[in-house]
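Below you'll find the structure, written out as structure tokens, and then a few comments.
Every read-out reported here was derived from the displayed coordinates using simple, explicitly stated rules and does not represent laboratory data. Quick caveat: nothing in here was measured; it's all calculated off a predicted structure. As a convention, Cβ positions derive from the backbone with ideal geometry for all residues, glycine included, and neighbour counts pool all protein chains shown.
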Amino acid sequence: MALEMRLDRTTIVRNLKALEQCGYVQDTSVADSRNRCLTLTESGRAAYNDAAELWEEAQRFLQASLGEEDLQMLTTLLFKIENLS
């Protein structure tokens, strides 16, 4: 998950713990398992859906404000920055 989200593993663990405490995810792992299996709760699904709508709105705003060409340039530059070594 950390690789997919491009975040440090400890950041993922800390954020998931907060989501668990808020009741958005629940641990459905097998007892004594080294790997965690987390599932969205109903309130987690609702929060996800709300966030997805806001994300789409923000994307539309950026596209309208910057235009397709500048938005593509921004995306390309962010990708390059992310891959700096």
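For this structure, a couple of remarks:
- Remark: relative contact order (the chain) = 15 percent; criterion is Cα-Cα distance under 8 angstrom and separation of 6 or more residues.
- Counting only alpha carbon atoms, the long axis of helix 9-21 and the longest principal axis of the chain meet at about 60°.
- Magnitude of the charge dipole for the chain, about its Cα centre and with charges confined to Cβ atoms of Lys, Arg (+1) and Asp, Glu (-1), is about 460 debye.
- What the Cα atoms of the stretch 26-66 give is an Rg and a Dmax of 16.5, 51 Å.
- Answer label for Rg and Dmax of the Cα atoms in Å (calculated), chosen among [x] 13.2, 45; [y] 17.3, 48; [z] 17.1, 51: [z]
- Loop exposure criterion: trypsin sites (Lys or Arg not before Pro), DSSP state outside H, G, I, E and B, at most 14 other Cβ atoms within 10 Å. Applied to the chain, the longest stretch between such sites is 37-85.
- Label-to-label distance for Arg9 and Ala31 is 2.6 nm, based on points extended 7 Å past Cα in the beta-carbon direction.
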